[in-house]
Amino acid sequence: MSAAARNPRLVVALGVLGLIALVSIGAPWIASHDPRAAAPENQLLEPSGEYLFGTDLLGRDVFSRVVYGGRRTLGVALLTAGITLAPGIAIGLAAGYAGRWLDWALMSVMDALLAFPSLLLALALVTVFGSGVVQIAFAVGIAGIPAYARVVRAAVLEARAVPYVDAARAIGARPAGILARHVVPAIATPLLSFAGVTLSWAILNSAALMFLGYGGDVAAPDWGVMLADGRESFRTGPWVAVAPGMALSLTVFAINLLGNSVAPPPANR
Amino acid sequence: MIGYSIKRLGSALFVAWLALTLAFVALRWVPGDAVDATLARGGASPGEVAARRDMLGLNDPVWRQYGDYVMGLVRGDWGESLVTEQPVAEIIRQNIGATSALSGAALLIAVTLGVVLGIAASLGRWRPVRYGAEGLASLALSTPVYWTSTLAIYVFSIVLGLLPGVGGEGIRYLILPAAVLGFHTAGSIAQVTAGSIRDAMGQGFVRTARAKGLPELDVLDHVLRVGMLPVVAVVALQLGFLLSGTVITEIIFVRRGLGRVLLTAIDNRDYPVVEGLVVLSALTYSAINMLADVAYRVIDPRVRMEE
Amino acid sequence: MLGTLLMLFCLMLGVVAVLLLRTDADDSGDNGNRIVYGLTLEPSGFDPHRHISSELGIPLFSVYDTLVYRHPQTMEFVPGLAERWEMAPDGLSWTFYLKQGVTFHDGTPFDAQAVGANLDRVMNPGIGSAKARGLLGPFAGYEIVDPFTIRLNLSEPYAPLLDGLSQVYLGIASPTALARYSNNTYQWHQVGTGPYRVEEIVPGDRIVLARNEDYAWGPVFYAPVTGQSLDTIEFRFFTDPPTRSLALESGTIQMIGELLPTDTELLVGNPALQIFRVPIAGTPQQFFINTRRSPGDEQSFRQALLYATNRTAIVDAVFQGQSPLAYGPLTAVTPFYDPGVAEKYPFDPDFARGLLQGIGYQDTDSDGVLDRDGAPLELTMVFAPWNQMSDVAQLIQSQWRDIGIGVELIQVPDYPTLAAYAEEGDYDLIGLYDFAVEASILNQFYQSDGARNWSGVSDPELDEWLEDAIRTPNQADRAQLYAAIQDRIMEQALVLPIRDYVNLNGASARLDGVIFSAHGWWPLLRNFQLTS
């Protein structure tokens, strides 16, 4: 209990995320309607007992769509983040630590990738592999690697520059050991906080690509897509966009809280 | 110093070339070309379509198209739009001012707001301040730009009537899009700043310095110095994004800009325009990174960069 | 450190200030009658002779005059730059007697040579004209009979010629300007004879027109100039649908088309605005059914799809009931539309099920999806995101699921990708439509060698009728042929029509005299009056 008191952030974050995960997994039991069942005669109904969050333009129950939407949104986000984080960390570590020409080579490729429009990447992937959420995940995921790699690299540069690392190298300690013992713990915090940012970007950028018309299953419940669609009817039915918007905000908030909770408390507490 | 500069320049050109080649391949991989987007769509006969492709050089083997384009670039010829046949350099010139203005204003707001929020979230004396700042940063990160933009236009332009709507030019029309973009960008800056500062505060030298009785301001100064490195990285990144990725904001606020030009060019398979923008984007990133590296050295001379 | 931060901050402030100062100055209040008009699509180019978008006609219709015009109310041809015209008895030549005393905006006098120069330009293969050239049909050259008489020769009779000549794509441009600028750069410096001249075109950003004070040769339906006529019109691009109504309401623009149906409902009550619902001639919003692959190759199957679709529900939900339902290959306002098609496919899901059963579809494994020979009935529906096709497709998917038809929705981002799908033939249904006042628009879609025959139909009798219908100038014959054509297309169920296209325009209540051309898309800016 005292552990919980010492880190309220962690508790709240895990609590919220746990709840969201539970709702997503339990969607078939929690949802009140079929999220894809269109009943146009019931379009744009206000929230009520039967339709907790009202209905959208095609008469679908917004509550059920939000509940099911968590699966898709979170699933895509995690996949996308995974595609970004793993190579991002590897490249950032290698570039920051090894330095010299490896740093130059890696960062050049990263810069080239940064300059490459993710729109074009998405279109290319959609072309070859067809429309789909996985393709968008790859497009957004790959597009996010340079950013993450750069942040990791900066943190590594900073961590590497401390005297004891030099000393360790001087006495011939192996790079892997130095990395593991000194560098990685030192960079963990900015990495985690940026991982939270990356996850948020993943959610939002994939929604942006769908907003621009780059495909995917248009009828599927997905918070980002619901927000984009909701814009078209937000004057007549604001709940269509507000509900997924709040779900999205809550999720990202919890993710960030989790990232922050790992940080040590400030010294003047 | 000169050697270093030359190396950086070489680097920048190499990156530009790499990005260009990637874009070249991707564009030709994707189905359809500029003639499909324009002529064929209007119902032209297959003969006319083929003739036009010939004229535009789209029937040439890919390696030749590539060679021609790169040689052209080296000569300073950025090519012409396949659709409007306007010189690409002119297209860029017409739109870069608007994009720079929006990005610059947004970045200013973003850095100010972001750093302040980040400092408040990590060093704030009272808990509501810290949590409030954290919450605001989260909010900035958690909604898509297209949504806050629509909401902002509705609230500030229709409901409150404070600001003009969309589609005009001048500073008054810049406020809302810059504010929205800036707000969103501030989120990630705030996050990284806060995390970084917290991390720095937890390090040993802070306790040591305090124990020695050093003035708080000096300690703070040192903490900020150390904490800023990843922040500089994020800011540099964001600037890059802003310069090349403001498509949605430009569409919604009906502003001229390179983002919209890029989207239209991709839709129309307008190869020279897309490639030109990619090259421009690569060179911009390189320039920003150089500035960032200079900033790293200024902030923390312990960081040893490649000589 | 703090000092450094402060310095950097001031530096950034300085840079931004410089950038902002270089931004164009605000358009401060004008004297004179001036409106801002919203365009909804960025066309790939602005040259009417070369480019195809109907959007570019919105400003350019008033920059050019055409030889003939269609009267917006009666749809009949009235004199434009040609005072009168005659067709030779064999239909192979048309003689146009041109108005005298007409000048272009740059002072060049208008005459038969000018018309000839324009025809040369359109026919020049190097120009790459698709639409304009197509409108001239079997054009085989011209003769200048005298300074104000020109004869157009055809290799075959061609009934749609006058309609083609009435469209902005065959607007008459100044030969001086055409000669002065290259094929590619003319579009930024356009010169016509119309009631407004081009003051400025900034690609992708705006078009500014200013009134032509010397204009004195307009068609009968152009109103005289008053103190309230528009002096300047600025066009800007609003490609994002939800912002159109916001821009209108905030007063940033005074007119725009293609409003969202839900927004239109809202704006109807606003006293500062007025709504114009303009039906557009041509094909309705529709899906072609691919007859080249199973099960689209079976007529009963295609018919079942039509019976299974509840168009009323779709139009009510997606378009707020603001469009008429479409039942055939042409919209109801298109000349030669045959009302008989409306009786053909009422919504009858039971009948649809019966038809499908009749060709062997049963739900043998009780999974809710019909199957035949072990294969489930799964269709691919391809469309682009324009005009809310996504919502339409989702509703169709839902309706057909009730019958047991599975539909996979594939949304493509742009036209080239759509065309690529069409070429591959990898679809069961594909969304495509286009607009025209001439029923001959059906040819490119339904002739076996039509440029966009995306249903893959190959019907020799249909081919013959479509061909004959453009050869004979006799209106009664044409009406009969088109009736037979529409009947055949629908009997064969080659297409799934959804709704007639209605352009929802919003305008400031201060605008009077708002009227559109016969084609529906193009405003007659000449007649607009700005009251206070």
Would you mind telling me the antiparallel percentage of the DSSP bridges in chain C, rounded to 5? 75
Only Cα pairs under 8 Å and at least 6 apart count here; give the relative contact order of chain C as a rounded whole percent. 19
Checked against the positive end of the charge dipole of the protein assembly as shown (+1 on Cβ of Lys and Arg, -1 on Cβ of Asp and Glu, about the Cα centre), the farthest of C:Phe516, B:Ile171, C:Ala384 is B:Ile171
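Add +1 for every Lys or Arg and -1 for every Asp or Glu among the other residues with Cβ under 15 Å from the Cβ of C:Gln475, and state the total. Don't jump to the answer; show the numbers that get you there.
Details: positive: C:Arg70, C:Arg471, C:Arg478; negative: C:Glu76, C:Asp163, C:Asp338, C:Glu438, C:Asp468, C:Asp477.
Value of the local net charge: -3.
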Need the list of lysines near B:Lys212 for cross-linking: C-alpha distance under 22 angstrom, and skip anything on the same chain fewer than eight residues off. none
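Which FRET efficiency, nearest 0.05, do C:Asp449 and C:Glu408 yield, Cβ-Cβ r, R0 25 Å? Write down the numbers at each step before the final one.
Working: r = 30 Å, r/R0 = 1.20.
For R0 = 25 Å, the calculated efficiency reads 0.25.
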FRET efficiency for C:Asp363 and B:Leu160 from the Cβ-Cβ distance with R0 = 60 Å, rounded to 0.05, comes out at 0.60
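In the calculated pair distance distribution of chain A, what percentage of Cα-Cα distances lie above 30 Å?
Counting every Cα pair in chain A, those more than 30 Å apart make up 41 percent.
Which whole number gives the average, over all residues in B:252-260, of C-beta atoms from other chains lying within 10 Å of the residue C-beta? Show your work: numbers first, answer last.
Working: counts 8, 3, 13, 2, 9, 2, 0, 2, 5.
Counting other chains' Cβ atoms within 10 Å and averaging over B:252-260 gives 5.
Roughly what percent of Cα-Cα pairs across region C:116-254 reach past 28 Å? Each step should come with its number before you reach the end.
On the way: 3291 of 9591 pairs.
Considering region C:116-254, 34 percent of its Cα-Cα pairs are separated by more than 28 Å.
Relative contact order (percent) for region A:193-258, with alpha-carbon contacts under 8 angstrom and 6 or more residues of separation? Let's see the in-between values first.
Working: 43 pairs, mean separation 21.9, N = 66.
Computed value for region A:193-258: 33 percent relative contact order.
As an exercise, find the ratio Rg/Rh for region C:461-524 from alpha-carbon atoms, using the Kirkwood inverse-distance average for Rh. Intermediate values should be presented prior to the final figure.
Values: Rg = 17.8 Å, Rh = 15.1 Å.
Ratio of gyration radius to Kirkwood radius: 1.18.
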Under the rule of -39500 (n - 2.57) per DSSP H run of 4 or more residues, summed and divided by the residues of chain C, what mean residue ellipticity at 222 nm is obtained, to the nearest 500 deg cm²/dmol? -8500 deg cm²/dmol
Kyte-Doolittle mean at least 0.0 and Cα axial length at least 20 Å: DSSP H helices in chain C: C:2-21
Computed over the Cα atoms of region A:43-184, what is the convex hull's projected area averaged over all directions, in nm²? 12.5
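Using the crude model of +1 on Lys and Arg Cβ and -1 on Asp and Glu Cβ, and no other charge, please compute the dipole size for the protein assembly as shown relative to its Cα centre, in debye to 20. Before the final figure, lay out each step's value.
On the way: 74 positive and 104 negative charges, 1198 e Å.
Dipole about the Cα centre, nearest 20: 5760 debye.
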For region C:152-192, just the Cα set please: Rg and Dmax, both in angstrom. 13.4, 36
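If packing is taken as the mean number of other Cβ atoms within 10 Å per residue, what is the order of A:103-114, A:220-231, A:33-44, C:144-155, highest first?
Working: A:103-114: 21.9, A:220-231: 24.5, A:33-44: 18.4, C:144-155: 16.4.
In decreasing order of mean packing, A:103-114, A:220-231, A:33-44, C:144-155 become A:220-231, A:103-114, A:33-44, C:144-155.
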About the Cα centre of region C:454-506, what is the dipole size in debye to 20, counting +1 per Lys and Arg Cβ and -1 per Asp and Glu Cβ, all else neutral? 300
Bin width 10 Å, origin at 0, all Cα-Cα pairs of chain B: what percent of pairs per bin? 6, 21, 25, 23, 15, 7, 2, 1, 0
Log10 I(q)/I(0) at q = 0.12 Å⁻¹ for chain C, from Debye over equal alpha-carbon scatterers, is -1.17
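Peptide C:234-246: average number of partner chain Cβ atoms within 10 Å per residue? Walk me through the intermediate numbers first.
On the way: counts 1, 0, 7, 6, 5, 7, 12, 2, 13, 12, 3, 2, 10.
Across C:234-246, the average partner-chain Cβ count within 10 Å equals 6.
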If every Lys and Arg gets +1 and every Asp and Glu gets -1 at its Cβ, then about the Cα centre region A:58-170 yields a dipole, in debye to the nearest 20, of 260
If eta is 1.002 mPa s and T is 20 °C, what Stokes-Einstein diffusion coefficient results for region C:376-508, Kirkwood Rh from Cα pairs, in µm²/s? 129
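How big, on average over all directions, is the shadow cast by the Cα convex hull of the protein assembly as shown, in nm²?
Working: hull surface 188.1 nm².
The number I arrive at for the protein assembly as shown is 47.0 nm².
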Projected onto the charge dipole of the protein assembly as shown (+1 at Lys/Arg Cβ, -1 at Asp/Glu Cβ, origin at the Cα centre), which of C:Gly38, C:Tyr97, B:Leu283 gives the Cα projection farthest towards the positive end? B:Leu283
For region C:372-479, with +1 on Lys and Arg beta carbons and -1 on Asp and Glu, the positive-most of C:Pro416, C:Ala393, C:Gln447 along the dipole: C:Ala393
Within 10 Å, Cβ to Cβ, of C:Glu408, how many net charges do the neighbouring residues add up to if Lys/Arg are +1 and Asp/Glu are -1? -3
Treat each spin label as a single point 7 Å out from the Cα along the C-beta direction, and report the B:Ser5 to C:Ala17 distance in nm. 2.8
Hey, what angle do you get for helix A:133-160 against the long axis of chain A, alpha-carbon based, 0 to 90 degrees rounded to 10? 30
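Write out the chymotrypsin sites (Phe, Trp or Tyr not before Pro) in region B:107-150 meeting two conditions: DSSP loop, and at most 10 other Cβ atoms within 10 Å of their Cβ. Could the numbers behind the result be given before it?
Details: sites: B:Trp126, B:Tyr131, B:Tyr146, B:Trp147; in loops: B:Trp126.
Answer by residue number: B:Trp126.
For a Förster distance of 51 Å, can you work out the FRET efficiency between the beta-carbons of C:Leu266 and C:His189, rounded to the nearest 0.05? List each step's numbers first, then the result.
On the way: r = 41 Å, r/R0 = 0.80.
That gives a FRET efficiency of 0.80.
What does the charge count around A:Leu45 come to, taking other residues whose C-beta lies under 13 Å from its C-beta (Lys +1, Arg +1, Asp -1, Glu -1)? Before the final figure, lay out the partial values.
Numbers: positive: A:Arg60; negative: A:Glu41, A:Glu46, A:Glu50, A:Asp56, A:Asp61.
Once all neighbours under 13 Å are counted, the net charge is -4.
Could you please rank B:Lys212, B:Lys7, C:Lys131, placing first whichever residue has the fewest other Cβ atoms within 10 Å of its Cβ?
Details: B:Lys212 8, B:Lys7 13, C:Lys131 25.
With the fewest neighbours first, B:Lys212, B:Lys7, C:Lys131 line up as B:Lys212, B:Lys7, C:Lys131.
Computed from the coordinates by the stated procedures, all read-outs in this text should not be read as laboratory data. Remember, it's a predicted structure, so these values are computed and weren't measured experimentally. Positions of Cβ are backbone-derived with ideal geometry, glycine not excepted, and every protein chain shown enters the neighbour counts.
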